[in-house]
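Presented below is the structure to which this report refers.
The values are calculated or read from the model by the stated rules, or taken from the named source; none is laboratory data. Everything numeric here is computed off the predicted structure, so don't read it as measured data. Neighbour counts are summed over all protein chains in view; Cβ atoms, including those assigned to glycine, are modelled from backbone coordinates with ideal geometry. Protein only, heavy atoms only, side chains kept; ligands, DNA and RNA dropped before computing areas. Shrake-Rupley method; radii C 1.70, N 1.55, O 1.52, S 1.80 Å.
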Amino acid sequence: MRRFCRLVLLFTASAAFSQQQQFANLGDFKLQSGEILRDCRIGYRAFGQLNADKSNVILFPTWAGGTTEQLARNVGAGKLADSSKYYIILVDALSNGVSSSPSNSTLQPHMQFPKITVGDMVKTEHELLTKFLHLEHVKLVMGISMGGMQTFQWTVQYPDFMDKAIPIVGSPRPAPYDLAHLQAQIDAIENDPDWHGGDYAKNPARGAEYEFGAILLSTPAHFNQTHSREQVLSAIAHAKQSNEGSDANNKIRQAEAMMALDISSAFGGSMEKAATVIKAKTLVIVAKEDHAATPGPATDFARLMHAEFLELDDGCGHQYCDGEGVRKAVADFLER
């Protein structure tokens, strides 16, 4: 009995450690542009237990500006990523402030940090899995928002690597409206007097960041129901005076990566050809009133690839309210 207790304690300690922030050092990493990202390192966290044949792995990359610490709220028994059944690997995407980013690079700080693509994010994640975690295949790649964009990219960049894929409120390539608001966010930063070419003392465009979030992440009806006039005016005033929020240089590099995403680019611009290479069974989840990743491109591509499809019509937009419906759809899809 004592030995059993000791084994349980050791396993619990090991599991707790695996959930902590960890890093893989990829060294000098060649980007799709041909530029070199110096001393590249990728952050990640692992949850659950890997089974004997390594067939229960779920890869879950972060959304724009998000971290694995935040993403971990979606992990646990009965949650979106069920760690009682699956081995969950959360990955910090490039330029999120944890993995190599303009804000933490000593060799390429601020705007010296080279432009990256969603394909570069996916390639670093592939190297993490294969070279450091010694995994050659996963059961599922899943992501929300920019994580959904990475999921779409995974399906064409490494089509044999996963059994299933679930992009959630993501896009295989941004629609014209999406490009406009992403560029507007970059312009708001670069036109701010505090910008100084990226070498700022105070994070620029804090008020604009709050305002874009309010406009894009919800819907007018839902936002008006959940906020008062006084709350919004107070929040804008506070944001303008604060130094909180995403680091502006990091935000620019991720926004540029999202703008450049087009999973058909390796197929002569043909989404039809891109769809033919996908081998993973795929569930595409969109939000009907999504203003951040408008659902048209994902909806159209789901038809081309004959994917399963779920449209959320809860009136909440990009930050969908029907979390339980999404959780159930993911769980059911994994069991089939």
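Largest first and to the nearest Å, give the Cα extent of the range 108-218 along each principal axis.
48, 34, 19
Could you rank the peptides 25-32, 80-87 by their average count of other C-beta atoms within 10 Å per residue, with the highest value first?
Going from most to least packed, we get 80-87, 25-32.
Of V118, A205, L129, which is farthest along the charge dipole of the range 103-207 in the positive direction, counting Lys and Arg as +1 and Asp and Glu as -1 at C-beta?
Final value for the positive-end residue is L129.
Take peptides 33-41, 154-162 and line them up by average Cβ neighbours within 10 Å, highest first, as a rough protection proxy.
Descending mean neighbour count gives 154-162, 33-41.
Cα extents of the range 63-173 along the three principal axes, largest first, in whole Å?
Principal-axis extents of the range 63-173 (Cα, largest first): 42, 29, 29 Å.
How large is the dipole of the chain about the Cα centre if only Lys and Arg carry +1 and Asp and Glu carry -1, each at its Cβ, rounded to the nearest 20 debye?
Computed charge dipole of the chain: roughly 1280 debye.
Report, for the chain, the % of DSSP beta bridges that are antiparallel, rounded to 5.
Of the beta bridges lying entirely in the chain, close to 35 percent run antiparallel.
Divide the volume of the convex hull of the Cα atoms of the range 112-177 by its number of residues and quote the answer in cubic angstrom per residue.
98 Å³
Over the chain, give the accessible area per residue in Å² for a 1.4 Å probe, as an integer.
It amounts to 46 Å² per residue over the chain.
Karplus couplings for the range 198-211 from phi (6.51 cos²θ - 1.76 cosθ + 1.60, θ = phi - 60°), rounded to Hz, Gly and Pro as x?
Whole-Hz 3J(HN,Hα) from phi for the range 198-211: x, 9, 8, 8, 10, 4, x, 6, 5, x, 5, 4, 4, 5.
Ranked highest first by the average count of other Cβ atoms within 10 Å around their residues, in what order do 139-146, 274-281 fall?
139-146, 274-281
Would you mind pulling out the separation of the Cα centroids of the range 148-198 and the range 98-136, in Å?
Cα centroid of the range 148-198 versus Cα centroid of the range 98-136: 15 Å apart.
Hey, if you put +1 on the Cβ of every Lys and Arg and -1 on every Asp and Glu Cβ in the range 8-111, which of I42, N56, S84 ends up farthest toward the positive end of that dipole?
S84
What is the dipole size for the range 163-312, taken about its Cα centre, with +1 at each Lys and Arg Cβ and -1 at each Asp and Glu Cβ, in debye to the nearest 20?
Details: 13 positive and 20 negative charges, 87 e Å.
Dipole size: approximately 420 debye.
List the residues, sorted by chain then number, that are 5 or more residues from C40 or on another chain and whose placed amide H is less than 5 Å from its amide H.
Close amide H contacts, sequence-distant or interchain: L26, G27, D28, F29.
Carbon and sulfur together cover what percent of the accessible area of the range 7-130 at a 1.4 Å probe radius?
50 percent
Using only the alpha-carbon atoms of the range 227-336, report the extent along each of the three principal axes, biggest first, to the nearest angstrom.
50, 34, 22
Counting helices only, and only those DSSP H runs with n ≥ 4, report the 222 nm mean residue ellipticity of the chain as the sum of -39,500 (n - 2.57) divided by its residues, in deg cm²/dmol to the nearest 500.
Counting only the DSSP helices, I get -12000 deg cm²/dmol.
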